[in-house]
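Report on the structure given below.
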Amino acid sequence: IYADPAKRLELYFRPKDPYCHPVCANRFPTSTMLLKVRRRTKKKQQQLDAEEQIQPEVQFEMEILGIVTTVYKFQGMSDFQYLAMHSGPDGKQTSMYDKVLMLKPEKEEFFNRELPLYIPPPIFSRLDTPIDYFYRPDIQHREGYNNPQVSGENLIGLSRARRPHNAIFVNFDDEEIPTKPLDAAVQTWKKVCTNPVDKKVEEELRKLFEVRPVWSRNAVKANISVHPDKLKLLLPYLAYYMLTGPWRSLWVRFGYDPRKHPEAKIYQVLDFRIRCGMKYGYAPNDMPVKAKRSTYNYSLPITVKKQVSHTVSVHDLKQGLGTSGSSGAKKPASSRYKLKESIYIFREGALPPYRQMFYQLCDLNVESLQKIIRRNDGTESECTERDGWCLPKTSDDLRDTMSLMIKQIIRSTRPALFSNTTSSEDGKEQLAYESGEDEDDEEEEEEDFKPSDGSENEMETEILDYV
């Protein structure tokens, strides 16, 4: 625990009880001394009034052993201690530990016994300090806000006005596509676009959409240095968002319908996930691309709460937050918010930065992959929701080829993982596609590399940003 500053020290009142919930101590820096104190007592006799009384003589010896730089303080309350107990008909509590805990290999009869239902809680409270809950008064909405017309007795959660990002969402089945942004999106962008640098960013994004009518948000971030909060307002001003179909999670230029243009095939999205498992030769823990977190390693509330990012106001945006920033920033203004190209481009010989990636087909910079995409060039006849303008199973073929390439990269960097694999299998190796099995879709952030504003799923993140 001491080696990891983000961890909290756990104290178990019943260490041998697997159902014991710990209390946690927070880590604090300090500058105190560790003392070793000895108390020596010497007894002596005195004759007083013909009675013998013993008066001890006490001496203290102190020695400084060292300096303490870190302390752990238990400041929270003990949470619920959930016991494996059963209440009988007479109200008597009976322990179930000898029935639910398997301390040694048991025979089949052990698992077929009739037992009272015992379901421990999946998680305890994330808070261990008391807080005051301040009930909010009546919501004061902005001028022009109207309550939603709903009729539900158990309706919960519509107490906040929609975020003013004003993005237009389009499904694959929608007949029409928007040709211009919402008036509110125009007004919102004009409100914050008050300095020349913002207008320059707007022109740069316009040029990107002229060269390529379909972009992912990460691809835009890799080509333009713009603050994420400003990009949230700029994208709905120039493009609409596809929710479903082969261009899902992508931003499309207003007036452009990829369903009517076969050349839009190269802009389709490929949801690629790095496969792992023993049948591929390496376990999840052996992968060079680590997961940010896993459901099997749930660390709250034993980790220190991360600091909440500073909320950006409209006033901050007007002051040029998207470009100037602090004077002590490491990166120049021209590239401070830019992401690396690997966040949206797949190249041969390089591992993806995260286990789940959303690639556009034109960003797969490998000749063998482009041959798979161009198999039906000039003969595209129908645009389907699953495959778009490509031949059926094109996505599966791309995933198989990319997975084989990634396995070869891992083989070259970690040959010990594949010591049992014969060389004759190298050329015949084909990996079967499995969707999400033995995988973590989370990512691990690298230094100065932030692909998303919150979620591990880029599509989910963008929808939450605008809805």
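General observations
- Cross-linked pairs Lys371/Lys407; Lys7/Lys340; Lys199/Lys371; Lys221/Lys265: Cα-Cα separations exceed 32 Å for Lys199/Lys371.
- Relative to the current alpha-carbon distance between His141 and Glu10, full extension at 0.36 nm per residue lengthens the span by 42.7 nm.
- Charged side chains reduced to their Cβ positions (Lys and Arg at +1, Asp and Glu at -1) give the range 1-146 a dipole of some 540 debye around its Cα centre.
- Taking a Cβ cut-off of under 12 Å around Gly245, the surrounding Lys, Arg, Asp and Glu residues balance to a net charge of -2, with basic ones at +1 and acidic ones at -1.
- Radius ratio Rg over Rh of the range 334-401, counting only Cα atoms, Kirkwood formula for Rh: 1.04
- Extension gain, Arg374 to Lys393: 0.36 nm times the residue separation minus the Cα-Cα distance gives 5.5 nm.
- 17 Å tail of the calculated P(r), the range 70-147, as % of Cα pairs: 72
Read-outs throughout are calculated quantities, based only on the coordinates presented, and are distinct from any laboratory measurement. Just so we're clear, the structure is a prediction, and the values are computed from it rather than from any experiment. Positions of Cβ are generated from backbone atoms using ideal geometry, with glycine treated the same way; all protein chains shown enter the neighbour counts.
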